[in-house]
Amino acid sequence: MADGDIRILVVDDTVTYRMIVRDVLEKIDGVEVVGTAANGVIALEKIEYFNPDMITLDLEMPELDGLGVLRRLQEKKTSVAAIMISAFTAEGADTTVEALRLGAFDFVLKPQGENPNESVAILHRNLSERINTFRERRKIHDILRERKERKPAKPVPKPQAGKPAPPGKKVAPITCKGVDVVTIGISTGGPQALTKVLPDLPADFPVPILIVQHMPPMFTESLARDLNSRCKLNVSEAVDGQPVKPGDILIAPGGRQMKVESRNDQTVIRVTDDPPVNSCRPAVDYLFQSVAPIYKSRVLGVIMTGMGSDGAEGCRLYKDKGANIICQDEESCVVYGMPRKPIEEGLADVIAPLGDLAMEITRFANRGVALCR
């Protein structure tokens, strides 16, 4: 095994699929398959023995299923990453969303190619992309850890009773503006991140929130339903022609594009089958490009964890209109891809860790009074 190789355990109750996944992984550069397991109980034993960096994890298994494995790993505070192998069904979508909320790194769909060779090629491409992303994340986290070890940590002052916590890191003087809509772009790590942010928004949140989460059909509906059960605000998958109303959180349907348009003095959602943008459908830039000319400076853009750079062009449009941008910080991102370019280009007004995003979004939505002092 070469230094830097990703050590992976394959977990699936089907012998044939275990063999297929193992064969695919062994053809990916920098991957070592350390073993296989037929159910969750065996998987936990082999994780203890082999100490892999990652597991590929089937959801439906006897004795202990994929969700059970993730819960045990959470209890043990094990750092092993999990890529879920998910069925393209409504039930599979619900279980996958729960797995992502429990901390799974990402998921791939069981491919349905026109023939076995095509299905294997799709699986190879999808697994390669996620493993390479995990490898990059590990490098970044190693660098951040080394920086912390070299530099003594400064004591963090505790907020005094009755006083709000300090705002996130401002990277430029902030001009106060009213906000009429919040738009959020997010991808890998999104379900878990949104579960930590949206439930902390107050019940009287004054403006609508529009979200593009990179996901396939059915999965965004499951995500919206799960978030709705946890939030004080109403969360739903967006419907074509739906009015954009204060206090509503609308998530773009998976596999389709979402934009806004003005109709009879009212802003409404349009769900389309327009082509992918940045290889994404739904795409953050597609939404942001429709929001910018309607809301102008009165929009808050939020870019969170995710692969690629979808949303960067939309952030440029927002800044041209005088709008504000919040980006999730590098350390708290599962994948520091989407926020990277807006931050490096100086478009971000505030860079905040995941735990502070709800507070920062609320500050801006409440007309930024706290930021203007």
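The values are calculated or read from the model by the stated rules, or taken from the named source; none is laboratory data. The structure presented is a predicted model; accordingly, all values stated were derived computationally and were not measured. Cβ placement follows ideal geometry from the backbone for every residue including glycine, while neighbour counts extend to all protein chains displayed. Each accessible area value is taken on the protein alone, full model and side chains, heavy atoms only, with ligands, DNA and RNA left out. Shrake-Rupley method; radii C 1.70, N 1.55, O 1.52, S 1.80 Å.
Values as computed for the structure displayed
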quantity	calculated
Rounded percent of accessible protein surface that carbon and sulfur make up, the chain, 1.4 Å probe	49
Cα long-axis angle, helix 284-295 against the chain (0 to 90 degrees, to the nearest 10)	10
Residue with peak Gaussian network fluctuation, the chain [Cα springs, cutoff 10 Å], from ILE55, ILE20, ILE184	ILE20
Percent of beta bridges antiparallel (DSSP, the chain, rounded to nearest 5)	20
20 Å Cα-Cα threshold exceeded, pairs from LYS259/LYS296; LYS245/LYS296; LYS76/LYS232	LYS76/LYS232
Mean Cβ neighbour count within 10 Å, used as a protection proxy, ranking 322-328, 113-119, 251-257 highest first	322-328, 251-257, 113-119
Cα long-axis angle, helix 90-101 against the chain (0 to 90 degrees, to the nearest 10)	80
Within straight-line cross-link reach of LYS341, aspartates and glutamates at Cα separation under 14 Å, skipping those fewer than 8 residues along the same chain	ASP285, ASP310, GLU313, ASP329, GLU330, ASP349
Expected 222 nm ellipticity per residue - DSSP helices of 4 or more, -39500 (n - 2.57), all of the chain, to 500	-11000 deg cm²/dmol
Tilt relative to the chain, helix 116-150 - C-alpha long axis, 0 to 90 degrees, to 10	70
Fluctuation leader among LYS76, LYS232, LYS259 - the chain, Gaussian network, Cα springs under 10 angstrom	LYS76
Centroid-to-centroid separation of segment 5-49 and segment 56-117 [C-alpha atoms, Å]	13
Surface per residue (accessible, 1.4 Å probe) for the chain, Å²	46
Solvent exposure ordering (accessible area, 1.4 Å, most first) of HIS124, HIS214	HIS124, HIS214
